[in-house]
Amino acid sequence: MIQTRCLILILLLPFAGSLRSAAHVVQQFYGEVAATEDGWSLEILFDAGYAVPEWRNDAESPQPSRQWLLGLPEDEQRKLLVEAERYLRELITLENAAGTIPWRATFPDFDTEPPGFPVLLNDGAYFHILIEPREPDGTGDLSLVLASGDHPDLVLKLPGSGEDEFLHITPSGRAEILGGSDRSGRGSAAWIAFIQGILHVVPEGLDHILFILGIFLLERRWKPLLWQSLLFTAAHTLTLGLAAAGLVRVPASIVEPLIALSIAALAIENLFVKEAKPWRLALVFAFGLVHGLGFAGVLSTWIRPGEGFLPTLFCANLGVEVAQAAILAVAWLLTLRWHDSAAYPVFRRWSCIALAAAGLWWFVERVGWL
């Protein structure tokens, strides 16, 4: 009995965590490093919401849109620039063999009227910050140190003559981003996409985890589990590709509440059926299309149409599928030898009720009714 109760508590922990959704918590910044006549440049795609201190890392703050950024008065936009530069100076230290490098920041998107803010898949509010050395730096070497603390990771595209190379730096990390011989943390665009696909689900995608648990709570047979997981990923891939091609663009204010409703709908269906029927596969695919739009928002800062897009898209969704399969495997192992007991149907029913309640609460929160 004690073991059963512990297992129930373990499996219900994600449901408790779902009662607060992350509206504006940035997981990573994207940047590109280039070699120049003065030595180097580093261009950061900056989330404008992080230039508002009271919104930074606040799960209840709104996700600002590009239209919001365009509609700000010029003096308010300039305040964002000042705060963004201040934040980056706290976050990033650049060094070479001689020591710390003084750098200046410019904002190329503001050189036009109206400002040329980038248009991304999630319609988010972003602007570019160009970081360059104050004095010519001819050393050919450049290292970046990311401050410790509750900061986003930094994903950098590095210069090279061959395949695009990326570097993933976490808070308190240090990496050579130009020259040097340290290759740790580097990988191809496809490999970084694969890792980001995994991270999108575990640990960053709480809504995704809950949806996969909803799939598992219908039945434990592996064939229907894998079919549902694969269809969910296929739908993910389709909408992400369409969004990247500019054929589909749905604002996050619509996508995020729909994702919450999909979690609730799946859990409610589990209360009335006992095995996966054909309509269940269609339902999971349809919900996967919606979740794919959310995935597009997550990857919109660095996955772009063009050469290498399809392999990157495939690898990102392969990472998603690997993470989903891992969640299903863990849930299956945790319920092994227990699912035939009289207690399991009770646990399954109340877990679905809790999951439905979490999804509905999340929906109410995301549409702004709370």
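Name the single residue that is modelled with the highest pLDDT among those in segment 259-280 being open to solvent by less than 40 Å² (accessible area, probe 1.4 Å) and outside any helix (DSSP H, G or I).
Restricting to residues being open to solvent by less than 40 Å² (accessible area, probe 1.4 Å) and outside any helix (DSSP H, G or I), the top hit is Val273.
Taking the condition closer than 25 Å to Ala190 by Cβ and open to solvent by 30 Å² or more (accessible area, probe 1.4 Å), does His151 pass?
No: the conditions fail for His151.
Check Val145, Val119 and return the single one that is without any contact (Cβ under 8 Å) to a residue 60 or more places away in the chain and assigned to a loop (DSSP other than H, G, I, E, B).
On the way: Val145 fails: assigned to a loop (DSSP other than H, G, I, E, B).
Exactly one of Val145, Val119 is without any contact (Cβ under 8 Å) to a residue 60 or more places away in the chain and assigned to a loop (DSSP other than H, G, I, E, B), namely Val119.
To keep it simple, each residue is scored yes or no on (1) modelled with pLDDT of 90 or more; (2) open to solvent by less than 10 Å² (accessible area, probe 1.4 Å); (3) outside any helix (DSSP H, G or I).
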residue	(1), (2), (3)
Phe29	no, yes, yes
Asp38	no, no, yes
Pro53	no, no, yes
Arg56	no, no, yes
Glu85	yes, no, no
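Which residue pairs have Cβ atoms closer than 6 Å, lie 6 or more positions apart in sequence or on different chains, and pair a first residue in segment 247-269 that is under 20 Å from Ile209 (Cα atoms) and touching a residue at least 12 places away in the same chain (Cβ under 8 Å) with a second residue that is surrounded by fewer than 18 Cβ atoms within 10 Å (Cβ to Cβ) and of a type outside the set (S, T, N, Q)?
Pro257/Val367; Ala264/Leu360
Hey, among the residues in segment 326-370 that are aromatic (Phe, Trp, Tyr) and part of a helix (DSSP H, G or I), which one's surrounded by the fewest Cβ atoms within 10 Å (Cβ to Cβ)? Walk me through how you get there before you give the answer.
First pass over segment 326-370, keeping only residues aromatic (Phe, Trp, Tyr): 332, 338, 344, 347, 350, 361-363, 369.
Adding the requirement that they be part of a helix (DSSP H, G or I) leaves 332, 344, 347, 350, 361-363.
Working: Trp332: 15, Tyr344: 16, Phe347: 20, Trp350: 13, Trp361: 17, Trp362: 24, Phe363: 20.
This residue is Trp350.
With respect to Ala264, is the statement that it is farther than 20 Å from Gln67 by Cβ and not charged (D, E, K, R) true?
yes
Consider only pairs whose beta carbons are under 7 Å apart and that are at least six residues apart or on different chains; among these, list those whose first residue lies in segment 191-203 and is without any contact (Cβ under 8 Å) to a residue 24 or more places away in the chain and crowded, with 20+ Cβ neighbours inside 10 Å and whose second residue is assigned to a helix (DSSP H, G or I) and among the hydroxyl-bearing types (Ser, Thr, Tyr).
Correct list of pairs: empty, since none qualify.
The values are calculated or read from the model by the stated rules, or taken from the named source; none is laboratory data. Bear in mind that the values here come from a model prediction, so they are computed numbers and not experimental data. Cβ atoms come from the backbone with ideal geometry, glycine included; neighbour counts cover every protein chain shown. All accessible areas refer to the heavy atoms of the entire protein, side chains included, with ligands and DNA or RNA removed. Shrake-Rupley method; radii C 1.70, N 1.55, O 1.52, S 1.80 Å.
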